[in-house]
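Worksheet: one structure, shown below.
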């Protein structure tokens, strides 16, 4: 079957669908997975995955985009030999980086384990952590080369195969996570660490399946990939030039992604030992809290992050176009608009999930001592994460790399510096001490976002006053929503039963969303964001559809 190139809109739609399907699979599987490995297993899974994500960022982040840009550039000029040369060099370069990251992660797993848990006994052992880190490290041997193939096909505007490969990767991964961990623990009666190791191997197996699919596509469609060759225009491009191009294109994304991964890993290194050695928490309780933050709660946060970041995708081509045209007024308007839409979509989701922390957690994971308490605050990490992603996207599009590095580094330092002091402060104030660690992450993100907003105001004269006015109106709607939901809770208390909790979440969500939408409609926030009376827009769409 012949490969079909995707237009810009088709490509954006197909890529978005691939991401959405992958995220849906990534959220759904946690329900059976949690019931299989529980909170202690979730903590062990989180230890390995958070460390892995740092090395994964080092070896892949930004490289598909870099390869895609180079291939697209050479393909447009008809430089077939140079295009293929760039493809081969990228594979070699990423293979070397992947091997180095694998060796470091595999060899230094014992030292990483000591940093995470020290000599604390009674829960997951250091040898358990070493084992799962080493299992997942094998994925880094495959994923970098996989990213090159994705970039290669994207550079030719073949978006569908790369999106299919993402979904395939997730399907294989999820099947191994669920079936593998279940068979290991419940059928063969092996250890919990073995079950978690099998689940983590799903990342490697999924990557291999995706890689083989893309290799097959490239091998069987050489003719289409060779189209548009202009042999007269061929030029000599050195290996050094291509490597420099790849690194220059990818470095800002790699750096940003690594810092984001470090943000998520701060608690992995600091929380357990502080709770156990400093505040006398039982190791079982500490690991339950850790798993709720790093694994189970983080999966629920992805609901908000997937929706919120989905709206930032269109920013890059739009702002890039205006930047080329030097239309700075349009850039200002679009940046303001992006903040408004992001706030309008994500704030009610986050507040709603925080209010419904108990039934939501019950639906996904069942009853838990610490889960809902952790999630009620940790969901706000999703909000600041979406805002930080928006800010990072804007800075990358404007090529303001220096400010990007500064704001992320400062935010990370604030997070790491305040983590332990805030845990102790919250404990001293008779608050939940682990909320201090979550607060440190939120504050680090807020400071990063604030730095970007101040920079955009000073350099690009972007007046965020309109966004602030919109935020205040949104806040009014949010307060109204909270009051109605709390009153409804008095009439219909949160149920304990899991199925009843699902109906409660649905009921509260419909009522809360109804109040929020009604207030934002009455205060003209909807009109402001959607540029016109939303009711008239909907009526016009319905009328046009009927006429057709």
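The values are calculated or read from the model by the stated rules, or taken from the named source; none is laboratory data. For clarity, every value in this text was computed on a predicted model and none was experimentally measured. Every residue, glycine as well, gets a Cβ built from its backbone with ideal geometry; the counts of neighbours run over all protein chains shown.
A few comments on the model shown:
- Hey, residue 104 touching a residue at least 24 places away in the same chain (Cβ under 8 Å) and surrounded by fewer than 19 Cβ atoms within 10 Å (Cβ to Cβ) or not: yes
- Selection within region 457-474 - part of a helix (DSSP H, G or I) and either surrounded by 14 or more Cβ atoms within 10 Å (Cβ to Cβ) or at pLDDT 95 or above (or both): 460, 466, 467, 470, 471, 473, 474
- Selection from region 498-516 of residues that are under 30 Å from residue 454 (Cβ atoms) and surrounded by fewer than 17 Cβ atoms within 10 Å (Cβ to Cβ): none
- Taking region 398-441 as the range and being surrounded by fewer than 17 Cβ atoms within 10 Å (Cβ to Cβ) and closer than 30 Å to residue 457 by Cβ as the test, the residues that pass are 399, 401, 402, 405, 406, 409, 410, 413, 417.
- Lone qualifier among 118, 78, 46, 123 - being surrounded by fewer than 18 Cβ atoms within 10 Å (Cβ to Cβ), at pLDDT below 95 and over 29 Å from residue 158 (Cα atoms): 118
- Pair list, Cβ under 8 Å, 6 or more apart: region 277-293 residue on the phi < 0 side of the Ramachandran plot, other residue surrounded by fewer than 16 Cβ atoms within 10 Å (Cβ to Cβ) and in a loop (DSSP other than H, G, I, E, B): 277/118; 282/122; 283/121; 283/122; 284/122; 285/369; 288/369
- Restricting attention to region 232-286, the residues that are farther than 30 Å from residue 368 by Cβ, touching a helix residue (DSSP H, G or I) at 6+ places or on another chain (Cβ under 9 Å) and in a loop (DSSP other than H, G, I, E, B) total 4.
- Counting the residues of region 422-456 that are part of a helix (DSSP H, G or I) and free of Cβ contacts under 8 Å to residues at least 12 places away in the same chain gives 4.
- Count of residues meeting criterion [in a loop (DSSP other than H, G, I, E, B) and surrounded by fewer than 21 Cβ atoms within 10 Å (Cβ to Cβ)] in region 331-367: 2
- Sole exception among (1) over 30 Å from residue 268 (Cα atoms); (2) surrounded by 19 or more Cβ atoms within 10 Å (Cβ to Cβ); (3) touching a helix residue (DSSP H, G or I) at 6+ places or on another chain (Cβ under 7 Å) for residue 495, by number: (2)
- Annotation note: of 519, 483, the sole residue that is more than 29 Å from the chain's Cα centre (by Cα), modelled with pLDDT of 90 or more, part of a helix (DSSP H, G or I) and buried (at least 16 other Cβ atoms within 10 Å of the Cβ) is 519.
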